[in-house]
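See structure below.
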Amino acid sequence: MLWVTDAETSALRSVVRAPAAGAAVTTAVGLGLFDFGFRDGPAEDALLQHPLGVAVLPDGSVAIADTYNGAVRRRSPADRTVTTLARDLAEPSVVLVDGDSLIVVESAAHRLVRLSMPAGARVDAGAHRVRRARTDLAPGPLDLRIAFTPPTGQHLDTRFGDPTSLTIAASPPSLLRSGAGTATGLERTVELGAGEGVLQVSVAAAA
C-alpha cells in the first residue's frame, strides 16, 4: 500500500495494486476540493488543510504533515479516526520516522524539529530494539550555551546585528516553564518543569 497526500484537495489517499485495474485509489481522509479545515474525529468527517507529507508509523498508523494547519495529524488504522499529534508548527511539510521520534521539516522556519512519538504508535522490537541514551535534568533553571564556529573561509555576517538565533521548544510544552521561542544569540536560561519529554533546540547562523 502506498500513502499519498493530495494537497490541492486536502486529502490523504491510499493506492493499492489491483490485478484487474492496475491500481485502486481510496480516500482515507478528505471530503472534496473545497472542503478543508482543522477537525479531528472519524476519518470520514476529519479535515486537513493542504497536507504535504506523510509517514507510516511503526504500528501502521499514518502521520500527516498538515501544512497549512501547522500541525502533525495521525490516522489510526484500527478505529479509522484522526487525531492531532502536534500543533503550532511553522508549515510542516515533511515528516520522517526516526526510532521513537518523528523528525518534522518546518518549511516556513527553515528548520528540523524532533517530536516524541505517542506511546500507542510504538512497536517494541524486543531484543533487537535500539535504545537511545537519555539525560535526566532536574526541574528549575538550565543555562544553555551553544558553541558555533563558521566553516573555514567563512565568517559571521554581522552587518545587520547578531546573525545567530536560538529556538527552544519542548514536547510536551509543559516541560518548559519559561524560555521557549526564538531570539537572537546562542545563550539562554530556560526554566524546566517536572515530568518527562524532549527538549528541542534549533540554532541558526548567517555566514
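When Rg and Dmax are taken over the Cα atoms of region 20-63, they come to 12.5, 37 Å. What FRET efficiency, computed as 1/(1 + (r/R0)^6) with R0 = 25 Å and r the Cβ-Cβ distance, is obtained for residue 160 and residue 88, rounded to the nearest 0.05? Between residue 160 and residue 88 the formula returns 0.35.
Sorting 89-96, 197-204, 38-45 by their mean Cβ neighbour count within 10 Å, with the most densely packed peptide first, gives 89-96, 197-204, 38-45.
Against the compact-protein benchmark of 2.2 N^0.38 Å, the Cα-based radius of gyration of region 140-205 scales to 1.27.
Taken as Cα centroids, region 174-207 and region 57-121 sit 21 Å apart, rounded to the nearest whole angstrom. Residues considered: 31, 47, 137. Largest GNM mean-square fluctuation over the chain, using C-alpha springs under 10 Å, is found at 137. Take the Cα pairs of the chain, get the Kirkwood Rh, then feed it into Stokes-Einstein at 20 °C and 1.002 mPa s and tell me D in µm²/s. Once the numbers are plugged in, D ends up at 112 µm²/s. For region 1-113, taking the reciprocal of the average inverse distance between every pair of different Cα atoms yields a Kirkwood hydrodynamic radius of 14.0 Å.
Report the calculated FRET efficiency for residue 2 and residue 103 (r = Cβ-Cβ distance, R0 = 30 Å), to the nearest 0.05. Calculated value: 0.90.
Once the chain from residue 112 to residue 177 is taken as fully extended at 0.36 nm per residue, the excess over their C-alpha distance is 21.2 nm.
Read-outs: derived from the displayed coordinates by stated rules, not from any lab. Note that the coordinates shown come from a computational prediction; the quantities given were computed from them, not determined experimentally. Positions of Cβ are backbone-derived with ideal geometry, glycine not excepted, and every protein chain shown enters the neighbour counts.
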